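Engineer: I am attaching a structure below and will ask some questions about it afterwards.
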Amino acid sequence: MPRILVLNNYSLSRVTEEVKAGLKPDHHLFGVNRLPAAGFSIEVVPFQKFGFLRLVNRVLSLIRFPVAIGDLDQQFSAWLSRDNIDLVYSPCQTQAQLLSYLRALGLFHAPIVTIAHHPIDSGRLRRFRQFFVRWQIRGTDAFPSLSAKVALQLNELANLPGYSPVLQWGPDLDYYPVANGCGSIAVAAGRTGRDFVTFGKAATLAGTRAKIICLAQHRLPEFAEFAQNVEVQTAPDERAVAYRELCAEFASARVLAVPLCRGESLAGLTSLTDALGAGRPLIMTRHPLIDLDIEKEGIGKWVDCEDVNGWAEALKWFEQNPEEACEMGRRARAIAEGRRNSTKFAEQLIAVINGCLMQVHQA
């Protein structure tokens with residue numbers, strides 16, 4: 001039975017227990033929970049184990065060290081296990097760069113599969129970092145992406161068309177409650193790259209009921225300018241907002257709003273996934289790394305970044321057209337059931353892993 005070592009930027013052991021307890025949908029495990037049924041032995045590297053190495057990582061982050069080396073703590077665990085593993089899987093692209101460098105040099109022999117969320121060559125000193133990016137790619141056996149644009153970039157850097165297949169991340173179909181009618185409110189929830197100010201101003205202008213669910217650290221002075229029709233619910237940290245409670249909010253919403261700030265990194269995909277699982281339509285800021293065209297699929301409306309008037313018009317449309325909104329939600333759920341869900345994602349991931357193992361055996 002092939003043994004896979006898993007490195008991630010948050011505790012997958014904790015999330016596994018949360019999934020088992022029904023506290024979180026299983027797509028947050030990025031297929032790890034489905035690998036044993038496919039014939040793999042899984043070991044998740046402990047998150048936060050070696051204090052000194054975590055301190056080194058912290059110092060490198062503070063000085064903005066320009067070369068990506070990944071999580072030294074977790075990679076040291078992988079190095080200690082190097083003779084007893086068949087493959088390294090990293091659902092997050094920030095964890096295993098040093099292992100990839102070592103593999104490119106022939107010093108680490110287990111194949112490495114890393115999922116790309118964001119462009120790999122973005123950030124400061126981009127031209128200087130190109131050498132290390134190409135070095136990382138030489139030592140990463142497969143680099144599947146969550147975005148077609150990122151996949152194209154990786155394929156070009158690797159000079160290999162099929163090097164980075166696009167994996168369609170989708171919801172845990174069994175987790176979401178059945179939507180309650182057509183709903184009466186626009187709900188915006190999320191953490192990364194959210195532009196709640198534009199959304200709140202738009203809802204104020206439109207006069208439509210809206211609710212923002214965010215962390216206390218994301219609350220801005222501009223929130224005080226919102227009208228009474230805009231409710232803001234804050235929490236001190238992520239764990240203070242139960243996922244089941246969020247899903248209940250989604251089920252009673254007319255539309256889910258995903259307002260995004262400008263940026264090069266992928267953002268909004270988790271909220272899009274929630275909308276598909278909950279069977280709710282979307283209003284979403286256009287983003288070059290979101291592949292699913294919500295207007296073409298008939299499940300929502302795009303709005304330009306920071307376009308308060310555009311958001312207001314979209315919010316008014318959903319308030320004035322509840323039946324059409326319901327139909328959009330049904331189409332969203334159908335997409336999840338048909339081609340974008342956590343089971344399909346795991347099947348695609350398993351095909352990538354088997355391909356890497358087969359190449360090693362043939363070498």
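The values are calculated or read from the model by the stated rules, or taken from the named source; none is laboratory data. This is a predicted model, so every value here is computed, not measured. Neighbour counts run over all protein chains shown; Cβ positions are idealised from the backbone, glycine included.
Engineer: Taking the residues in the stretch 86-114 that are among the β-branched types (Val, Ile, Thr) and crowded, with 19+ Cβ neighbours inside 10 Å as candidates, determine which candidate is nearest to the chain's Cα centre (by Cα). Don't jump to the end; show me each part of the working.
Structural biologist: Of the stretch 86-114, the ones among the β-branched types (Val, Ile, Thr) are 88, 94, 112-114.
Checking which are crowded, with 19+ Cβ neighbours inside 10 Å leaves us with 88, 112-114.
Details: Val88: 20, Ile112: 20, Val113: 17, Thr114: 14 Å.
Within the stretch 86-114, the match that is nearest to the chain's Cα centre (by Cα) is Thr114.
Engineer: Additional query: Of the conditions (1) within 20 Å of Ser11 (Cα to Cα); (2) in a helix (DSSP H, G or I), Ala37 satisfies every one except a single condition; which number is it?
Structural biologist: Of (1) within 20 Å of Ser11 (Cα to Cα); (2) in a helix (DSSP H, G or I), only one is false for Ala37: (1).
Engineer: Could you say which residue among Glu231, Glu249, Glu245 is outside any loop (DSSP other than H, G, I, E, B), crowded, with 17+ Cβ neighbours inside 10 Å, of a type in the set (D, E, K, R) and more than 19 Å from the chain's Cα centre (by Cα)? It would help to see each step written out before you state the result.
Structural biologist: Values: Glu231 fails: crowded, with 17+ Cβ neighbours inside 10 Å; Glu245 fails: crowded, with 17+ Cβ neighbours inside 10 Å.
Exactly one residue qualifies, and that residue is Glu249.
Engineer: Examine the stretch 289-304 for a residue that is out of contact with any Phe, Trp or Tyr (no Cβ under 8 Å at 6 or more places or on another chain), assigned to a helix (DSSP H, G or I), modelled with pLDDT of 95 or more and among the charged types (D, E, K, R), and state whether such a residue exists.
Structural biologist: No, that holds for no residue.
Engineer: If Ala334 satisfies every condition in (1) of a type in the set (A, V, I, L, M, F, W, C); (2) crowded, with 23+ Cβ neighbours inside 10 Å; (3) part of a helix (DSSP H, G or I) but one, which is the exception?
Structural biologist: Only one criterion in (1) of a type in the set (A, V, I, L, M, F, W, C); (2) crowded, with 23+ Cβ neighbours inside 10 Å; (3) part of a helix (DSSP H, G or I) is unmet by Ala334, namely (2).
Engineer: Additional query: Does the stretch 223-233 contain at least one residue that is of a type in the set (Val, Ile, Thr) and under 28 Å from Val15 (Cβ atoms)? Lay out the reasoning, then the answer.
Structural biologist: Taking the stretch 223-233 as the starting set, the residues that turn out to be of a type in the set (Val, Ile, Thr) are 230, 232.
With the extra rule that they be under 28 Å from Val15 (Cβ atoms), the set shrinks to 232.
Looking through the stretch 223-233, at least one residue is of a type in the set (Val, Ile, Thr) and under 28 Å from Val15 (Cβ atoms).
Engineer: Tell me whether the stretch 178-200 contains one or more residues that are at pLDDT 95 or above, over 30 Å from Val352 (Cβ atoms) and polar (S, T, N, Q).
Structural biologist: Applying the first criterion (at pLDDT 95 or above) to the stretch 178-200 yields 185-189, 194-200.
Add one more test, that the residue is over 30 Å from Val352 (Cβ atoms), and what stays is 185-189, 194-200.
Subsequent filtering for residues that are polar (S, T, N, Q) retains 198.
Scanning the stretch 178-200, I find at least one residue that is at pLDDT 95 or above, over 30 Å from Val352 (Cβ atoms) and polar (S, T, N, Q), so the answer is yes.
Engineer: Taking the stated definitions as given, is Arg280 touching a residue at least 24 places away in the same chain (Cβ under 8 Å), part of a loop (DSSP other than H, G, I, E, B), of a type in the set (Lys, Arg) and assigned by TED's automatic domain parsing to the domain that holds Cys247?
Structural biologist: Values: touching a residue at least 24 places away in the same chain (Cβ under 8 Å): yes; part of a loop (DSSP other than H, G, I, E, B): yes; of a type in the set (Lys, Arg): yes; assigned by TED's automatic domain parsing to the domain that holds Cys247: yes.
Yes: the conditions hold for Arg280.
Engineer: Moving on. Looking at the stretch 267-277 only, could you name the residues that are out of contact with any Pro (no Cβ under 8 Å at 6 or more places or on another chain), assigned to a helix (DSSP H, G or I) and of a type in the set (A, V, I, L, M, F, W, C)? Break it down stepwise before answering.
Structural biologist: The initial filter retains those residues of the stretch 267-277 that are out of contact with any Pro (no Cβ under 8 Å at 6 or more places or on another chain), namely 267-272.
Going one step further and asking which of them are assigned to a helix (DSSP H, G or I), we end up with 269-272.
Those that are out of contact with any Pro (no Cβ under 8 Å at 6 or more places or on another chain), assigned to a helix (DSSP H, G or I) and of a type in the set (A, V, I, L, M, F, W, C): Leu269, Leu272.
Engineer: When you look at Glu264, is it acidic (Asp, Glu), in a strand (DSSP E or B), at negative phi and surrounded by fewer than 23 Cβ atoms within 10 Å (Cβ to Cβ), yes or no?
Structural biologist: Numbers: acidic (Asp, Glu): yes; in a strand (DSSP E or B): no; at negative phi: yes; surrounded by fewer than 23 Cβ atoms within 10 Å (Cβ to Cβ): yes.
Here the answer is no, as Glu264 does not meet what is asked.
Engineer: Just one of Gln74, Gln93 is closer than 23 Å to Ala267 by Cα, out of contact with any Phe, Trp or Tyr (no Cβ under 7 Å at 6 or more places or on another chain) and modelled with pLDDT of 90 or more; which is it?
Structural biologist: Values: Gln74 fails: closer than 23 Å to Ala267 by Cα.
Criteria check complete, one pass: Gln93.
Engineer: Among the residues that make up the stretch 160-180, is at least one of them aliphatic (A, V, I, L, M), surrounded by fewer than 14 Cβ atoms within 10 Å (Cβ to Cβ) and not assigned by TED's automatic domain parsing to the domain that holds Glu18? Show your work before the answer.
Structural biologist: Start the filter on the stretch 160-180 by keeping residues that are aliphatic (A, V, I, L, M), which leaves 160, 166-167, 173, 178-179.
The next check asks that each one be surrounded by fewer than 14 Cβ atoms within 10 Å (Cβ to Cβ); those that pass are 160, 178.
This time we only want the ones that are not assigned by TED's automatic domain parsing to the domain that holds Glu18, so: 178.
Yes, because at least one residue in the stretch 160-180 is aliphatic (A, V, I, L, M), surrounded by fewer than 14 Cβ atoms within 10 Å (Cβ to Cβ) and not assigned by TED's automatic domain parsing to the domain that holds Glu18.
Engineer: Scan the stretch 319-328 and tell me whether some residue there is at pLDDT 95 or above, crowded, with 24+ Cβ neighbours inside 10 Å and either over 25 Å from the mean Cα position of the chain (by Cα) or not in a helix (DSSP H, G or I) (or both).
Structural biologist: no
Engineer: Before we move on, is Arg54 over 30 Å from Ile350 (Cβ atoms), in a loop (DSSP other than H, G, I, E, B) and of a type in the set (D, E, K, R)?
Structural biologist: no
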